[in-house]
Amino acid sequence: MTDGDPRAGVDDVVAHATRLAESALAEADQADFRTRWKAFTARGVWDEAPSDRPPGAARLGPVTRSVATIEGIGRAGTSAGLCYAMASQRFGIQFPLRSVLGDTEHTESGDVLLCHALTEEGGGSDPLSMATRAERQEDGGYLLTGTKSFVTAAPVADTALVFARTAAERTPFALSAFLVDLSAPDVEQSAPFPKTALTEVPMGSLTFHGVRLAPGSMVGEEGSGLGLLTLTTAWERALLLSYALGPMRRVLDRTVEWCATREHFGRRMGASHVVAARVADMALALHRSRELVYRMAARLDAGVRPRQLAADAALTKISVAEDYLMFSRQAAQLGGVRSFIEESGLTADLTSPMAASVYAGPNDLLRITVARELGLPVEN
């Protein structure tokens, strides 16, 4: 990177966030989800990092700085689940809704946790199939009824971005979005679902038993929900996988150390061409993933509209998710039996990387999005 590169300060931000996150983990690593979240923000991980770079050098935009901060938090040893939750909140809600949320001090501090409530038991990738409805009332407000499932942070969130049907027809203008206070009467937050992937972040359901919403709770205009969903998913697909960069770096570092020092067959393990090639493939996967994610961040910082990035965001999400899984499989192969022993120092997590191909849109459906953007007459 050069001084003219908008990413030239990335390493400074990553290192700064890593130091602060290590301090926070030492204090709150065994605490509950919200306490750990607030420990990071209390340490100032989201504050701008000090820099020794010369005056006039390119400065990082807020999106790139956020990606670098999440990478640094992951490099400190933060669980993938908590990194995922922070990336989901940052890029799936805070950035897309900046004009609506206004002052984000409370959301950044962890005092207010947000969640994105779209998916239902009957479907998530087909939003027009949703059953949750919001019926207009005489005072201009709405009555919200229905259940959202598989919602990240639902059991602990304070506010939800809820998508609901405001028209019966299956049209692009049938959906609307609302910001819902989850402490309101007739809102039911489930207990956390038992999960096998990203276990550190709670997931659950939200049930709305005729919740009365004030007229000002709607985000945008009635019928604009699908458009808002397109916006939030473009952000999320472009940058959500930033959560994997820090954990991938840690796994690569420990794998290199293991292969460089492990002795078998009278030589160090890393002297094997097969082993060296696997390690190189891991490094390539991390390099490719990092370049793709930071390139998307730079384009968003440059003012490119997220909707213009829909196909590239889908490609980025597919590529990074599949590289993350391949990377983790290589690490597991190289760690041998220790990859499946807790606290061995080489324990591999294959389930969470596999889940990356499903959330924020299944990769198979995203391939349809890409093909359609290329001009093929293919439907979901």
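The values are calculated or read from the model by the stated rules, or taken from the named source; none is laboratory data. It should be emphasised that the depicted structure is a prediction, and the values quoted were computed from it without experimental measurement. We place every Cβ from the backbone using ideal geometry, glycine too, and count neighbours over all the protein chains shown. Keep in mind that these areas ignore ligands, DNA and RNA; they rest on the heavy atoms of the full protein, side chains included. Shrake-Rupley method; radii C 1.70, N 1.55, O 1.52, S 1.80 Å.
So that you can scan it fast, the table gives a plain yes or no per residue for (1) closer than 30 Å to A42 by Cα; (2) surrounded by 14 or more Cβ atoms within 10 Å (Cβ to Cβ); (3) of a type in the set (A, V, I, L, M):
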| site | (1), (2), (3) |
| --- | --- |
| G110 | yes, yes, no |
| A154 | yes, yes, yes |
| D186 | no, no, no |
| G210 | no, no, no |
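Per-residue answers, yes or no, for (1) polar (S, T, N, Q); (2) at pLDDT 95 or above; (3) within 17 Å of the chain's Cα centre (by Cα):
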{"residue": "R90", "(1), (2), (3)": "no, no, yes"}
{"residue": "P96", "(1), (2), (3)": "no, no, yes"}
{"residue": "D126", "(1), (2), (3)": "no, no, no"}
{"residue": "T147", "(1), (2), (3)": "yes, yes, no"}
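If only residues of the range 303-322 that are out of contact with any Pro (no Cβ under 8 Å at 6 or more places or on another chain) and among the small types (G, A, S) are counted, the one that is surrounded by the fewest Cβ atoms within 10 Å (Cβ to Cβ) is G303.
For E236, indicate whether it is within 19 Å of L97 (Cα to Cα), surrounded by fewer than 24 Cβ atoms within 10 Å (Cβ to Cβ) and touching a Ser or Thr at 6+ places or on another chain (Cβ under 9 Å). No: the conditions fail for E236. Per this entry, E291 is counted among residues that are open to solvent by 30 Å² or more (accessible area, probe 1.4 Å), assigned to a helix (DSSP H, G or I) and farther than 20 Å from F95 by Cα. Among the conditions (1) closer than 23 Å to A15 by Cβ; (2) open to solvent by 20 Å² or more (accessible area, probe 1.4 Å), the only one that T119 does not satisfy is (1). Considering only the range 323-370, how many residues are in a helix (DSSP H, G or I), polar (S, T, N, Q) and open to solvent by 20 Å² or more (accessible area, probe 1.4 Å)? Selection size over the range 323-370: 4. Among residues of the range 66-77 that are more than 13 Å from D11 (Cα to Cα), those with a Cβ under 7 angstrom from a residue that is open to solvent by 10 Å² or more (accessible area, probe 1.4 Å), sequence gap 6+ or separate chain, pair up as G74/P247; A76/T18; A76/E22; A76/L25; G77/L25; G77/R250.
Entry remark, the range 300-345: residues being of a type in the set (G, A, S) and either in contact with a strand residue (DSSP E or B) (Cβ under 6 Å, 6 or more places away or on another chain) or touching a residue at least 40 places away in the same chain (Cβ under 8 Å) (or both) number 10 in total.
For (1) closer than 20 Å to A21 by Cα; (2) open to solvent by less than 10 Å² (accessible area, probe 1.4 Å); (3) at pLDDT 95 or above, each residue gets a yes or a no:
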| position | (1), (2), (3) |
| --- | --- |
| D47 | yes, no, no |
| S51 | yes, no, no |
| E71 | yes, yes, yes |
| A76 | yes, no, yes |
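Within the range 142-152, the set of residues being closer than 16 Å to D126 by Cα, open to solvent by less than 40 Å² (accessible area, probe 1.4 Å) and not polar (S, T, N, Q) comprises K148, V151.
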